[in-house]
1. Quickly run through region 8-25 and pick out the residues that are more than 19 Å from residue 76 (Cβ to Cβ) and in a helix (DSSP H, G or I).
2. Would you confirm, using the coordinates I've provided, whether residue 77 is surrounded by 14 or more Cβ atoms within 10 Å (Cβ to Cβ), polar (S, T, N, Q) and under 22 Å from residue 127 (Cβ atoms)?
3. Of the residues 3, 28, only one is assigned to a helix (DSSP H, G or I) and not acidic (Asp, Glu); which?
4. Which residue pairs have Cβ atoms closer than 6 Å, lie 6 or more positions apart in sequence or on different chains, and pair a first residue in region 1-25 that is without any contact (Cβ under 8 Å) to a residue 40 or more places away in the chain with a second residue that is surrounded by 10 or more Cβ atoms within 10 Å (Cβ to Cβ) and not in a loop (DSSP other than H, G, I, E, B)?
5. Do you know which of the residues in region 35-67 that are among the β-branched types (Val, Ile, Thr) and either part of a loop (DSSP other than H, G, I, E, B) or in contact with a Pro (Cβ under 9 Å, 6 or more places away or on another chain) (or both) is surrounded by the fewest Cβ atoms within 10 Å (Cβ to Cβ)?
6. Looking at (1) in contact (Cβ under 8 Å) with a residue 24 or more places away in the chain; (2) over 11 Å from residue 125 (Cβ atoms), can you tell me which one residue 60 breaks?
7. Determine whether residue 104 is under 13 Å from the mean Cα position of the chain (by Cα) and surrounded by fewer than 19 Cβ atoms within 10 Å (Cβ to Cβ).
8. Is at least one residue of region 68-76 closer than 23 Å to residue 108 by Cα, assigned to a helix (DSSP H, G or I) and among the polar types (S, T, N, Q)?
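Since every read-out is calculated from the coordinates, none of them should be taken as a lab result. Bear in mind the structure is a predicted one, so any value in this text is a computation, not a measurement. When we count neighbours, we look across all protein chains shown, and the Cβ atoms used for this are built from the backbone with ideal geometry, even at glycine.
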Amino acid sequence: MTRIGGMLTGVSPVMLVADLDRAIDFCRDRLGFECTVYGHPPNFGVANRDDATILLALCPEPERIVPNWKIVDKTWNAYIRVDDADAIYAEVQERGAEIDYSIYDAPHGFREFGVQDPDGHDIAFGQRIEPL
């Protein structure tokens, strides 16, 4: 198939959050992201680290937030590719992030681990260890 358009330059998962300040604190303090909030009062946040971006949207009805794993077992809300999974794993542990599952070599060819944010979203970090 012939390519007609421009190049895709990234993807940013949007996660609904019950408490924007709490979500920003988690991304900044536990995962090492730089964060910015928007709105008056703040209702949206952007968390950036290197080439990874997570968007955070305040949910006016927090009881409606349902992390993916509650619908489909072991399904993430975000999967962030990294160049050194072991180094990131050590860093987020040192920062006090709640580890959802420990680092291992997954059957799909990534060395990965997962954390869980305060709203229950699973965020995985994975390094490709096998060629495509």
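1. Listed by number, the residues that qualify are 20, 21, 22, 24, 25.
2. So residue 77 fits the description; yes.
3. Exactly one residue qualifies, and that residue is 28.
4. Taking only residues 6 or more apart or on different chains, the pairs are 20/45; 20/58; 24/35; 24/45.
5. 66
6. Checking residue 60 against (1) in contact (Cβ under 8 Å) with a residue 24 or more places away in the chain; (2) over 11 Å from residue 125 (Cβ atoms), the one that fails is (1).
7. no
8. Within region 68-76, one or more residues are closer than 23 Å to residue 108 by Cα, assigned to a helix (DSSP H, G or I) and among the polar types (S, T, N, Q).
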